[in-house]
Structures are given as structure tokens and as C-alpha cells.
Amino acid sequence: MLQLRVAEGLLDYPSGRSAMVHYAHTFDAATVASALAVSHADRDLWCRHLDLEGDRNVDLAAFHAKLLAEFVRRFGRAPSL
């Protein structure tokens, strides 16, 4: 599970402000993080990796969906790059 946020400041969302801009789920976090870094090289972003990949019993899609739903409930829409 990866979380991307702006390195500085907060972004305006309909129901508040957050630094978060993207969530991703994968069992290959290094590859996804590298691809995101290349595709957004013009932005100052920080990436946090939640170490769930080692536990193959975790349903990453469900965990991802729960994080997104909570973000939408709290901030009024999904995070966006």
C-alpha cells in the first residue's frame, strides 16, 4: 500500500484540506513507487509505504477501497494528483 502526499502545504478539497494526493495498492511497491516518481518528477511528493505486502492474507483491494472511501467521506472527493 502506497500513499502519496505533497511535500509541503495542504490541498483544498470540498470538505477540508489534506496533503494526500494518491493511494495505490500492489504487492510490488518498489516498482509502483518508481513509476510514480518518474511520471510526477515535476512535483515535490512524499511517498509512504504501509508494509502489508508481506502478509498475502491481506486483501489489498479491500484495504485500498476502505482508505479511499474514508478519504471521500472526510474530504468530499477522492485524492488526485
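How about region 1-23: which of its residues are in a strand (DSSP E or B) and acidic (Asp, Glu)?
Matches in region 1-23: Asp12 only.
If I filter region 17-40 for residues that are under 12 Å from Pro79 (Cα atoms) and surrounded by fewer than 16 Cβ atoms within 10 Å (Cβ to Cβ), do I get at least one hit?
yes
Filter region 41-67 down to residues that are out of contact with any Asp or Glu (no Cβ under 9 Å at 6 or more places or on another chain), surrounded by 14 or more Cβ atoms within 10 Å (Cβ to Cβ) and either in a helix (DSSP H, G or I) or of a type in the set (S, T, N, Q) (or both), then give me how many there are.
Here the count works out to 3.
Tell me, please, whether a residue that is part of a loop (DSSP other than H, G, I, E, B), touching a residue at least 60 places away in the same chain (Cβ under 8 Å) and either of a type in the set (Phe, Trp, Tyr) or surrounded by 13 or more Cβ atoms within 10 Å (Cβ to Cβ) (or both) can be found in region 70-81.
Checked against the condition, which is being part of a loop (DSSP other than H, G, I, E, B), touching a residue at least 60 places away in the same chain (Cβ under 8 Å) and either of a type in the set (Phe, Trp, Tyr) or surrounded by 13 or more Cβ atoms within 10 Å (Cβ to Cβ) (or both), region 70-81 yields at least one hit.
Values in this text are rule-based calculations from the coordinates and carry no lab data. From a predicted model like this one, the values you see are computed outputs, not experimental measurements. As a convention, Cβ positions derive from the backbone with ideal geometry for all residues, glycine included, and neighbour counts pool all protein chains shown.
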